Amino acid sequence: MCGVLRVTQKTRTKAVAVIGAQWGDEGKGKVVDYLASSFDYTARYAGGHNAGHTVIFNGHRYVLQLIPSGILRPEKKAVIGPGTVVDPLALVSELDNLKESGIDVQGRLFLSNRAHLIFPYHREMDKAAEAARGAAKIGTTSRGIGPAYEDKMARRGIRVCDLLDEGRFRERLERVLTEKNAISSAAYGHPLETRGLVEEYLEIAGRIRDLVTDTTIILNQALDNGESVLFEGAQGTMLDIDHGTYPYVTSSNATSGGASPGLGVAPTRLSGVIGVTKAYTTRVGSGPFPTEMVDLDAQEVRARGNEFGAVTGRPRRCGWLDLVVLRYAKMLNGVDSFVVTKLDVFDSQPEIQICTGYRYKGRSIKEMPPDVETLAQIEPEYETLPGWRKPTPGIREIKDLPTPARDYLNFISDEVQTEIGMVSTGPERDATIVPRGSQLAAWL
Ligand code: GDP
Ligand code: IMO
Ligand code: MG
């Protein structure tokens, strides 16, 4: 009999995405580090070294930018996927930092041969574009992320696999440089500074060659063999190129859907999504932010929460928790379980405001407006909840949290109709509560 009637039993191994539900910096690094011990692989699918993921344990602070946070778990494997953009110099410096901290990545870190490269001219163009925007600047991380993705989409990008073939690399780069120089001369009156660029990149190629492989095959075979994969999102839902507060966004799909093209893993493989949110909201860079706090509150929260960029050191703008954003993030990402981080930052807060809806021109709206002009005119509708005025770090069970803290979490969970599967009460690995019986607990 021919094979058309053959029944194939689909085995679904654990493949869970961790995504930022807000504007980035939600604490994804800490959450991924916590979960990574229960997964065989951790994989980054989008963005580049614009990300800064902080992990703290045993008194040591690590900031991962491109390398997945799961690398800090000995024996676990990590993948930098085809959907990322890679600055090889930054990658080597990150590798050096890990080595200095005694983290050996040999044989367990894999870089996709299909990932696109970031060049110094991407950084220059990033800065020049920001300068040209003047007051309307996005506030990018100046890492060249946007221009590198532009080149990828314009089909003139140069990829990791090209870097490993000297002849091809020279030829491609020289062709691209001719084009870039023409643009630079026309726009800025001078060509780009590119002396020594080819040699510098070829030298660095020698340092990353051993990491480069077809990660798409590695991950698919791993899943076929029943190994588990944690997809580490970077940035956040509201910075997503298609669904975020465009144009004040990053240049990739930060939402869970990005994991499929970003790693070459079919969407049907994904078995769950974890959305990470702070107990409040922060944003770095420009763009509308409906629940932004008034100056004094923001200063206090910024100081208590140490809200300064992990990569750029920029002060983060602070605001109240926005449930319209969380509902939007739940819909876009298919969030099964939310993680609430930084609950401890509210330990001394007398009253907490929480945004349950938006008003626009006096009318109540429940949906996220598509344009930043409307979003900038939104008036948030707030509920005020009492604070708890007690320390929460060190608490291991939900039932031991002060009642107003539990009420705050229950309020969020009820409003977004989703479980809270983890609560973080400090930056360290062990300042974490996982309610028993949650979906998230089942993934550990
Ligand atoms: P990511 O980009 O989402 O990984 O987040 P970042 O690492 O950029 O920023 C989160 C910051 O909050 C880092 O400095 C973390 O160490 C810190 N952090 C994470 N969870 C908690 C928490 O529950 N309480 C406190 N106080 N800090 C936390
Ligand atoms: P993690 O993974 C917070 C922001 C920048 C800027 C916009 C565009 O640590 O959460 P880009 O350099 O990407 O072109 O900048 O996106 N941004 C982030 N904000 N966390 C991040 O990453 C971010 N990555 C980019 O501040 O507003
Ligand atoms: Mg960050």
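List of remarks:
- Candidates Val339, Val294, Val92, ranked by Gaussian network fluctuation over the chain, Cα under 10 Å, top entry: Val294
- Point-charge dipole on Cβ atoms (K/R +1, D/E -1) for region 387-440, about Cα centre, debye to 20: 200 debye
- 0 to 90° range, to nearest 10: angle between helix 88-100 axis and the chain longest Cα axis: 60 degrees
- Summarising the amide proton neighbourhood of Ile352: residues at separation of 5 or more, or on other chains, whose placed amide H is nearer than 5 Å comprise Leu385, Gly387.
- Share of carbon and sulfur in the accessible heavy-atom surface of the chain [1.4 Å probe, %]: 49 percent
- The alpha carbon gyration tensor of region 163-232 gives principal lengths a ≥ b ≥ c with a/c of 1.5 or higher and a/b greater than b/c, which makes the shape prolate.
- Bridge type composition, the chain - antiparallel percent by DSSP, nearest 5: 40 percent
- Dipole-positive endmost among Met368, Thr392, Pro380 within region 354-414 (Cβ charges, Cα centre): Thr392
- Angstrom value of the Kirkwood radius, inverse mean 1/r, which spans all Cα pairs in the chain: 22.7 Å
- Degrees, to the nearest 10: 215-224 long Cα axis against longest axis of the chain: 50 degrees
- Relative packing of peptides 124-131, 257-264, 228-235 - highest average C-beta neighbours within 10 Å first: 228-235, 257-264, 124-131
- Between helix 166-188 and the chain there is an angle of about 70 degrees, using the helix long axis and the longest principal axis of the Cα atoms.
- Tyr358 long-range amide H proximity, modeled H, under 5 Å: Ile365, Glu381
- Cα gyration tensor shape of region 178-277, rounded if a/c is under 1.5, else prolate or oblate by comparing a/b with b/c: oblate
- Taken about its Cα centre, region 278-357 carries a charge dipole of about 340 debye when Lys and Arg each add +1 at the Cβ and Asp and Glu each add -1 at the Cβ.
- Computed E for Ile365/Glu300 - FRET, C-beta separation, R0 25 angstrom, nearest 0.05: 0.25
- Put simply, the amide H of Val86, placed in the peptide plane, has neighbours under 5 Å in His116, Leu117, Ile118, leaving out anything fewer than 5 places away on its chain.
- Across Lys127/Lys180; Lys99/Lys278; Lys14/Lys77, pairs whose alpha-carbon gap is larger than 23 Å: Lys99/Lys278
- The mean accessible area for residues of the chain, using a 1.4 Å probe and ignoring ligands and nucleic acids, is 43 Å² per residue.
- Look at the dipole of region 209-283 built from charges on Cβ: of Ser252, Gly226, Gly264, the Cα furthest out on the positive end belongs to Ser252.
- Relative contact order %, region 359-444, counting alpha carbon pairs below 8 Å whose residues are six or more apart: 22 percent
- Around Trp443: net Lys/Arg minus Asp/Glu count, Cβ-Cβ under 10 Å: 0
The values are calculated or read from the model by the stated rules, or taken from the named source; none is laboratory data. None of these values were measured; they are calculated from a predicted model. Glycine also receives a Cβ, built like all others from the backbone with ideal geometry; neighbour counts cover every protein chain displayed. Heavy atoms of the whole protein, side chains included, go into the accessibility calculation; ligands, DNA and RNA do not. Shrake-Rupley method; radii C 1.70, N 1.55, O 1.52, S 1.80 Å.
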